[in-house]
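The values are calculated or read from the model by the stated rules, or taken from the named source; none is laboratory data. What you see is a predicted model, and the numbers here were worked out from it, not measured in a lab. Using ideal geometry, Cβ is built from the backbone for each residue, glycine included, and neighbour counts are taken over all protein chains shown.
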Amino acid sequence: MIARVFGMKIRLLSIMNAKSVFRVVLVACIAAIFSACAAYKPLDPAFHKALGKPYTLDSGDVLRVTVFGEAELTNTYAVDKGGYISVPLVGSIGTRGKTTKQMEGSIAAGLRNGFLRNPDVSVEVDTYRPFFILGEVGNAGQYTYVPGMTVQNAIAIAAGFTGRAEQKDADITRTINGEVISGRVPLSDPILPGDTIFIRERLF
């Protein structure tokens, strides 16, 4: 009889302990959900405004510079880590934050400085700087950007989601006017050259 009562007490304590553990885990999960929700503020308006503005250059871009009538000056030029290209006769020219139109003016001004009377210069992007994708994708890394790409396209290029991925949205870090801004966006959102995309692990 005593042994039976003792056994019932042990089982009761085990059930109570299991319930306590369950409550602790449940509270921790709820806290994690609220923490994740609170981690990201609403998108900065500048985040999407950048999509409609003229493209600005930076390290990793490759430019096609055409100087009409001057074949020896027409070439492709890679923007170095410092944000410069080196053009014959002109020397180093800063590109960071400039548009291709502004670069045309800068190169033409350099050529007019004792070299050509009225240079006709065209600048276009030959190859865009890469984007980066990290987190829960098959092959995280650096990839070539193609105009018109979306987050979904980027995920496909990176061999798709892993089995643990959050598949509803993604986090993007983007540099706008020298400021680094992060935001959570739907998978249909466009991306820009230089963006870093992070695919989170789902909570459940």
**Asked** So which of 203, 192 is touching a Cys at 6+ places or on another chain (Cβ under 8 Å) and assigned to a loop (DSSP other than H, G, I, E, B)?
**Response** 203
**Request:** Check every one of the strands (runs of 3 or more DSSP E) wholly within the stretch 121-175 and list those with 1 or more residues that are touching a residue at least 24 places away in the same chain (Cβ under 8 Å) and exposed (fewer than 13 other Cβ atoms within 10 Å of the Cβ).
**Result:** 121-127
**Asked** Within the stretch 102-109, can one find any residue that is within 15 Å of residue 63 (Cβ to Cβ) and either under 23 Å from the mean Cα position of the chain (by Cα) or assigned by TED's automatic domain parsing to the domain that holds residue 177 (or both)?
**Response** no
**Asked** What are the residues in the stretch 49-93 that are of a type in the set (D, E, K, R) and closer than 16 Å to residue 109 by Cα, if any?
**Response** 70
**Request:** Give the residues of the stretch 110-134 that are more than 12 Å from the chain's Cα centre (by Cα) and within 30 Å of residue 201 (Cα to Cα), sorted by residue number.
**Result:** 128
**Message:** Please pick out the residue among 176, 133 that is at pLDDT 95 or above and aliphatic (A, V, I, L, M).
**Reply:** 133
**Message:** Show the residue pairs meeting these rules: Cβ distance below 6 Å; 6+ apart or different chains; first residue within the stretch 89-111 and within 20 Å of residue 175 (Cα to Cα) and touching a residue at least 60 places away in the same chain (Cβ under 8 Å); second residue surrounded by 19 or more Cβ atoms within 10 Å (Cβ to Cβ) and not charged (D, E, K, R).
**Reply:** 97/56
**Asked** Only one residue in 49, 19, 9 is assigned by TED's automatic domain parsing to the domain that holds residue 190, exposed (fewer than 14 other Cβ atoms within 10 Å of the Cβ) and either under 30 Å from residue 200 (Cβ atoms) or modelled with pLDDT under 55 (or both). Which one?
**Response** 49
**Prompt:** Can you spot a residue in the stretch 38-60 that is under 15 Å from residue 120 (Cβ atoms) and among the hydroxyl-bearing types (Ser, Thr, Tyr)?
**Reply:** no
**Request:** For the stretch 54-101, enumerate the residues that are assigned to a loop (DSSP other than H, G, I, E, B) and of a type in the set (Ser, Thr, Tyr).
**Result:** 55, 56, 59, 74, 95, 99
